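Working notes, beginning with the structure itself.
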Amino acid sequence: MVTLSLVLLFGFIVALLLKYRAVSAGAAVASLLFGFYLANTPAAAPINQVMTALVTAIGS
């Protein structure tokens, strides 16, 4: 369930950045593709563990 919450949070942040023109649409698409392809690498598991630990620490 942490993953869905983070997807929504990061999606909201990207939407705000696009709205206030802090980032271009091209940069947002490049970041989206980077994240998509990064999820298919061996680095995905450690990143997920770190994010889960951070969310758990913040929630405590």
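Numbers for the structure displayed
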| quantity | calculated |
| --- | --- |
| Backbone HN-Hα couplings from phi across segment 22-37 [Karplus 6.51/-1.76/1.60, Hz, Gly and Pro as x] | 7, 9, 7, 4, x, 5, 5, 5, 4, 5, 4, 5, 4, x, 4, 6 |
| Cα-based helix-to-principal-axis angle, 44-59 vs the chain, degrees rounded to 10 | 80 |
| Helix 2-19 axis, angle to the chain major axis (alpha carbon atoms, nearest 10°) | 20 |
| Rounded if a/c under 1.5, otherwise prolate or oblate - the chain, Cα gyration tensor axes | oblate |
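Values in this text are rule-based calculations from the coordinates and carry no lab data. A quick note: this is a predicted structure, and the numbers were derived from the prediction, not measured.
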